[in-house]
C-alpha cells in the first residue's frame, strides 16, 4: 500500500509531477497512483524501463486540454472581503466527481467534464462561500454546462455569461464553468460572491468561442434563457424528453441546440452533424422511431394534439415539437432551411 | 435502429388516456389489484412550517407520531414502533443531508428516541447518509429506517425514498443509466433486502423543479407541510411524485412533466417488483390539513 513514506520517496526521486495533490510510488516496476485526498486510485505493473514510464506518466497526467491542479489553484484567491480559504482546495478528476456529487455528476460528464476544484471560504459570523470551478476541457463544453442551468435568474456581467439568483452565481469563461454560492443571502456575503466570481473570471483570462451553430439561429425567434447547447442525448432528455435511445445519433462530433419559441412555446431542435451522410442517417432513425405514422412530409399531430415534424438539410437536422399549428411549424423549418449554410 | 425505443409519444399516449401529461407512465386508470394493494399515510399540518420557512419541531413530532399510529393501527406511536423494531435490533436510519433540503435533525432525533424507547440500545442505532458503507452500525444493521425530503433531481427526475438508498452501493454510477431507471435494484442488495421497516418521505417544503445539477431555489419549493409514511417505498414515492407534478402544473400554468421524466418509480414495480407504483392501487389515508392537498 502507498503511504507517506512512499510519497516522500517518489518526491525525492524528482518525479516532475504537474499534479499537486498526486504522487507516484515507484517500487519494483510498479506504479501506484494516489492522491492526498483519496486512497490508491490504481496500481499498474509495467515491464518497460522506468525511464519510459516517467515520460508516459508525465504526458498522461498533463493532457493539453486540461489545467494542472496547481494552475487551477491559482484561479482562486486566498481571501476576499474578509473571507479566508477555510481548507485546502479539493480536486476531482473524471469519474471522481461522484465522490463529490452523485447522479448530478453525470450532467457534467455528459458535457466532457475534466476536473473540478472545490474551495470553501469562511468568515466569522458569516455565510460560508462555496466555489466550484469545472475545467470542462473545451469552451463549448463550458458553454453547454452553463446553458444547461440558464434561466435561473437575471443575467450579470461576469465572465462570458453569468446569472445570479438566491445566492448562486454561475458563469462560464473559456473552458471553465464556475459556481460561487452561499446558502443564505445577505448584503455583505452577496458582494463577496460577486467579487469572488469577478476575480476568478479575470484569472481565467481569455474568452472561448461560442459554438458556430449558435450563429445560424435567429435570436428573435426564441427566449434566450431557454437555449440549451449539448451533444449528448441524455442532456436533450433532461430538457425535452424524446426517447430513451439515442435516435438523433448525438455524440461528441455533433452540435445541438434546443430552444423554446416565443410564438407558440413549441420546441425547436437544431443539430449539426459532421457530414450530410450522418445527418441523413440520423433523420432516418428519428423518423422511423418517432414518426413512423407521419406523412411523407415528415409531420404528425401527436397524441397531445400538437404538431411534430422533422427535416434534413445538408448536414443539419431540424425538428419542431409541440407546435400549435402545422402551417406555422412548416414555415419555421422552411425559413431555417433557407438561412442555414 | 434495430432495438425498439421508448419515446415521448409513448408517454403521451399513456398520459393522454389519463388526461394528465407527464406522469411518466404511472397509470391512473388501471384497476386496483386487491392482491397488490399498498397503503400510505399522508399527514399535513398548516403550521409545521411557517410563512418564513421555519420548522416547528413540536408540530413535526406530533404529526409523525400520529402518522405512525395511524399507519400501523396502534393506540400510539410507541406501539407502532414496537411493530417494526425489537430490542435486539441494530437500526440504521438512512437520512439525507443535501445542504439545501436535508432531513430535519429534529426528526432524526425523534426517530432515535422512539427506537430507544422500544429497547434498542443507543450503540445499536446510527443515523447516516453518505457514510453508511463505512458505518459499523449499518454494517451489522438488522433494520433500516428510510427518511428524506422529496425533491426534483436533474438526472433521475426526482429524489425520493427509492433514490435515498443509492449510498448502499459502492458504485452509484452503475445505477445512473437511463435516468436512474434501475434504482429499484438497490433494494435487493444484501445490505438492504428485507431490512427496511419504514419509509418516510418528507413533503414539508418539496422542491418541484430544478435547473441543473444541485440547483436549489426557494422559488421552486412550497410549503406543502406534509409527510408521507409507509412501508412500501414505491408507493410512498409515487404519491409524492403525483403531488409535485400537480404543483408544477399550478406553478407553470401548463402541463410540465418532470425533467427528465421519472422512470425509476414505475420500473421499481414492473421490473424489480419491490412495491406498487400504480396510484389506483394505493390507498392514501389522509390526516390533518386538507387544503390544496393536490392529490
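Some values worked out for this structure:
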| item | result |
| --- | --- |
| Projected label distance in nm at residue A:128 and residue A:337, using a 7 Å step from Cα toward the beta-carbon | 5.6 nm |
| Ascending count of other beta-carbon atoms within 10 Å, so fewest first, for B:103, B:7, A:308 | B:7, B:103, A:308 |
| Spin-label model distance (nm) - residue A:264 vs residue A:220, 7 Å beyond Cα toward Cβ | 2.0 nm |
| Order of A:222, A:146 - criterion: other Cβ atoms within 10 Å of each residue's Cβ, fewest first | A:222, A:146 |
| Choice from B:57, B:170, B:206 showing the highest fluctuation, given a GNM over chain B with Cα pairs closer than 10 Å | B:170 |
| Kirkwood-based shape ratio for segment A:69-204, expressed as Rg/Rh from alpha carbons | 0.93 |
| Shape metrics for chain B, restricted to C-alpha atoms - Rg then Dmax, Å | 18.3, 59 |
| Sorted by Cβ neighbour density within 10 Å, fewest at the top, the residues A:87, A:185, A:132, B:52 | B:52, A:87, A:185, A:132 |
| Viscosity 1.002 mPa s, 20 °C: Kirkwood-radius Stokes-Einstein D of segment A:241-313 over Cα pairs, µm²/s | 163 µm²/s |
| Two-site label geometry, residue B:255 and residue A:71: point separation in nm, points 7 Å out along Cα→Cβ | 5.0 nm |
| Alpha-carbon centroid distance for the pair segment B:148-190 / segment A:285-301, whole angstrom | 34 Å |
| Net lengthening on full extension, residue B:10/residue B:293 (0.36 nm per residue, minus Cα-Cα) | 99.0 nm |
| Along each principal axis, Cα extent of segment A:212-339, largest first, Å | 33, 32, 29 |
| Share of Cα-Cα pairs in segment B:113-264 lying beyond 19 Å, as whole percent | 55 percent |
| Rounded to 5, the percent of DSSP beta bridges in the protein assembly as shown classed as antiparallel | 80 percent |
| Extension gain, residue A:95 back to residue A:277 (0.36 nm per residue minus Cα-Cα distance, nm) | 62.2 nm |
| Beta bridges per DSSP with both ends in chain B, % antiparallel, nearest 5 | 40 percent |
| At R0 = 41 Å, FRET efficiency that the Cβ-Cβ distance of residue A:210 and residue B:54 yields, to 0.05 | 0.40 |
| Rounded FRET efficiency, nearest 0.05, which uses the C-beta distance separating residue A:288 from residue A:251 and R0 of 22 Å | 0.75 |
| Relative contact order (percent, whole number), segment B:79-132, Cα cutoff 8 Å, 6+ residue spacing | 54 percent |
| Chain B, relative contact order in percent, only Cα pairs under 8 angstrom and at least six apart counted | 26 percent |
| Contact order normalised by residue count of segment A:182-341, Cα under 8 Å, 6+ apart, percent | 17 percent |
| Residue A:87-residue A:295 FRET efficiency (beta carbon distance; Förster radius 60 Å; 0.05 resolution) | 0.45 |
| Calculated SAXS-style log₁₀ I(q)/I(0) at q = 0.19, 0.23, 0.32 Å⁻¹ - segment B:234-285, Debye, Cα scatterers | -0.66, -0.87, -1.17 |
| Gyration tensor over alpha-carbon atoms, the protein assembly as shown, equivalent ellipsoid semi-axes in Å | 39, 36, 24 |
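Here, each number is a calculation from the coordinates, and none is a lab measurement. These numbers were taken from a predicted model, which means no experiment stands behind them. Positions of Cβ are generated from backbone atoms using ideal geometry, with glycine treated the same way; all protein chains shown enter the neighbour counts.
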